[in-house]
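Rule-based calculations on the coordinates, nothing more; no lab input. Fair warning: this is a prediction, and the values are worked out from it, not measured in the lab. All Cβ positions, glycine included, derive from the backbone under ideal geometry; neighbour counts span all protein chains shown.
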Amino acid sequence: MAEAIVAQNVTKDFVLRRHKTFKQMTVAKMRGQEMVNRFNAVDDVSFTINEGESVGLMGLNGSGKSTLLKVISGVMKPNKGTILTRGRIAGLIATGAGFQSSLSGMDNIFLNAAIYGLTEKETKAVLDEIVDFADIGQFIDQPVGTYSSGMSSRLGFSIAVHVDCDIFLADEILAVGDKPFKRKCMTKMEEIRNSGKTIVYVSHAAASVQKMCDRVIALEKGRLLFDGDVDEGIRILDYGDEDGDELSVDDAELGADV
Amino acid sequence: MSEASLTHGSVEGAELAPLVPPSSTLGLLSVFRRRYLLKLLVQRELSARYEQSFLGFLWSYINPLSQFFIYWYIMGTVMGAHRSVENYPVHVFSGLIIVHFFTETFGAGTRSIVRNKSLVQKMPLPKEMFPVAAMVVSLYHVVPQLLILLLVCVLTGWHPDLGTLIGGVLALAILMCFGTALALVFSVANVFWRDFGSLVGILTNFVRFGCTMIYSYDMLAQHAGSMRWLVLGNPIAVACLLFQRAFWAFSTDKPHHTIKHEFPAHLYHQGVYALIASIVALLVAQWFFNRFDERIAEQI
């Protein structure tokens, strides 16, 4: 089986500038304070994901999941190490697509599809499906800026799942949206998985990861904590449902709100 | 998304797509490979700029025309340039097209990445797209202005020669390269410090008065003496002169006399040097852009 994603010692650091203005910087320099702070959001992470695998990426808030996903998608480049991917990547990063708020939903479909690498013809071929799945009615011709958060994530998800991709990235996709839509999303995700595409799925909901994934990669403070079996990964992360009695079974399955 | 995956496409291909870094590494080259995306960005920019505006695209005529009338009246009539420069309105307007093309590319290009924040943070696309799109939009705006210029030229007795075409194309090529180079550098600098956005206004003023638009080259040569290189060392000013040679010179009574006395010697040589310098500037700008590219998504 061929590899789909190969990460080798991937490190991504962020520079936190403490002093923004000339005045602050001069004062800081005279006092001998540090000018910048660096911290590693992703720290020396290596793994290989094969084609057709469905991997759950888990970890607490701030553990580096989204940053790692951005590195995989190509939005960010690693500072150290290498990341290699095979084929077209589509998906949602940090709840919601990159939309241009002044453009209509329709224009944003074409723009996002083009960024994913679709031609005009390919976009037109799936346009009706995208609009139907998003199911936001006449708002499709209104500027995205006027959308509710639910509407824009519906449209974003709809575009991402209809792009003919090889690797599908899903980051907290179920955090927004009502229950019927969450169900629709889960069905679609299963469809994508069953069609043999590689999936990287970020979620805090243990139940949905158990349902969707056959492997878990867990991060803690940017470092690789665990890579392997789903149930064990969830146990190690202590995502057990000891506080789960507050959630209905349905919620646990579909993903709790963030 | 990588360029290789675009050509390879989807899963069912018999051959496997190659393993490549997911982020673009080809810089400006990838912009040319993804022309459809560039086209969408340009269309979007054009429609966004005149969004909710009653006059719409007409503004691209109104803006340069208003400047033209200011120079024409204040400089021409009040300051008396009509007397010292033959066919002064065409002299100003042919220079104005060049200056306007550059300042628009520079200004819009500098703001381009920050303006597209929501895309830059979430979608993988070569960020060079945005400054290049800003340049293409400005180029688009040159067309109506050029039509006005041609009309005025024909009305004032214009007899173009082959040099008109060469000079005109050379001038635009210089500006496309040099404008993109500066837009690249400033767009990425503006992400880190918004001060660069404010600096653009000042530099634009220098450009406006550093080109032989409101004054003729002859006037400058008399005053500047050995400091003439200050103008000729500036690719925008050279492009301006090339454009004026193409349009204004041939609308005067004795074109060859004008070319000999009102322009620097070996203007085409200067033009070629300026183009080479602009291409070098573009390469340096690309290097600079690459250096800071990886920090854009997090710093914006």
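Out of B:ILE98, B:LEU151, B:VAL78, whose Cα points farthest toward the positive end of the dipole of region B:14-170 (charges: +1 Lys, Arg; -1 Asp, Glu; placed on Cβ)? With unit charges placed on the Cβ atoms, the residue in question is B:ILE98.
When each of the peptides A:194-201, A:161-168 is scored by how many other beta carbons lie within 10 Å of its residues on average, the order from highest to lowest is A:161-168, A:194-201. Taking other C-beta atoms within 10 angstrom as a stand-in for reagent exposure, A:VAL209, B:VAL185, A:VAL126 fall in the order A:VAL126, B:VAL185, A:VAL209, fewest first.
Mean per-residue shielding of peptide B:113-125 is 6, counting Cβ atoms of other chains within 10 Å of each Cβ.
The alpha carbons of region B:213-275 stretch over 30, 27, 20 Å along the principal axes, in descending order.
Pairs from the list A:LYS70/A:LYS221; A:LYS29/A:LYS221; A:LYS12/A:LYS221; A:LYS70/B:LYS117; A:LYS182/A:LYS211 with a Cα-Cα gap above 21 Å: A:LYS29/A:LYS221.
Taking Cα centroids, how far is region B:210-232 from region A:1-18 in Å? What the calculation gives is 54 Å, centre to centre.
Charge tally for B:TRP193 (other residues, Cβ to Cβ under 11 Å; Lys, Arg +1; Asp, Glu -1): +2.
Given +1 at the Cβ of Lys and Arg, -1 at the Cβ of Asp and Glu and no other charges, the dipole of the protein assembly as shown around its Cα centre is 2820 debye to the nearest 20. Placing +1 on the Cβ of every Lys and Arg and -1 on the Cβ of every Asp and Glu, with nothing else charged, gives region B:58-214 a dipole about its Cα centre of roughly 560 debye.
Need one number: % antiparallel among DSSP beta bridges in the protein assembly as shown, to the nearest 5.
On the way: 24 of 41 bridges.
Given both bridge residues lie in the protein assembly as shown, the antiparallel proportion sits at roughly 60 percent.
Return, ordered by residue number, the residues of region B:230-251 whose backbone nitrogen is under 13 Å from a label point located 7 Å along Cα→Cβ of B:ASP161. Residues B:245-247, B:249-251 qualify, since their backbone N sits under 13 Å from the label point. One Cα centroid belongs to region A:21-74, the other to region B:152-184; the line between them spans 47 Å. For region B:27-299, the Cα-based Rg and Dmax, in that order, read 19.1, 59 Å. Computed from label points 7 Å out along Cα-Cβ, the spacing between B:HIS82 and A:ARG17 is 5.1 nm. Zone of B:LYS39 (label point 7 Å along Cα→Cβ, backbone N under 19 Å): which residues in region B:132-156? Zone members listed by number: B:132-141. Placing unit charges on each Cβ (+1 for Lys and Arg, -1 for Asp and Glu) gives the protein assembly as shown a dipole about its Cα centre, and among A:ILE140, A:ILE192, B:ALA246 the Cα reaching farthest toward its positive end belongs to B:ALA246.
Computed over region B:126-181, the convex hull of the alpha-carbon atoms projects to a mean area of 4.3 nm². The Cα atoms of chain A cover 61, 45, 42 Å along the three principal axes, with the biggest extent listed first.
Partnerless cysteines in chain B, where a partner means another cysteine C-beta under 4.7 angstrom, comprise B:CYS153, B:CYS177. Any idea what diffusion coefficient region A:46-182 gets from Stokes-Einstein, in µm²/s, Kirkwood Rh on alpha carbon pairs, 37 °C, 0.692 mPa s? Here the translational diffusion coefficient equals 207 µm²/s. Look at the stretch B:291-300: the mean tally of other chain Cβ atoms within 10 Å of its residues' Cβ atoms is 3. In chain B, the sites counted are GluC sites (Glu not before Pro) in DSSP loop states with at most 12 other Cβ atoms within 10 Å, and the longest stretch holding none of them, exclusive of the sites, is B:52-300. The simple spin-label model puts a point 7 Å past each Cα toward its Cβ; for B:LEU151 and A:GLN142 those points are separated by 4.1 nm. Across all Cα atoms of the protein assembly as shown, the radius of gyration (one decimal) and Dmax (whole number) stand at 28.1, 94 Å. Take each residue in A:99-106, count the other chain C-beta atoms within 10 Å of its C-beta, and the mean is 3.
With the simple model of a label 7 Å out from the Cα in the direction of the Cβ, B:ASN205 to A:ASP44 spans 5.4 nm. Axis of helix B:195-210 versus longest Cα principal axis of chain B: the two differ by about 30°, to the nearest ten degrees.
Evaluated with a Cβ-only charge set (Lys, Arg +1; Asp, Glu -1), chain A carries a dipole of roughly 1760 debye about its Cα centre, given to the nearest 20. In the calculated pair distance distribution of region B:122-224, what percentage of Cα-Cα distances lie above 18 Å? Considering region B:122-224, 66 percent of its Cα-Cα pairs are separated by more than 18 Å.
Work out the FRET efficiency for A:GLN33 and B:TYR61 from their Cβ-Cβ distance, taking R0 = 41 Å, and round it to the nearest 0.05.
0.15
How far, in degrees from 0 to 90, does helix B:59-70 lean away from the longest principal axis of the Cα atoms of chain B, to the nearest 10? Helix B:59-70 sits at roughly 30 degrees to that axis.
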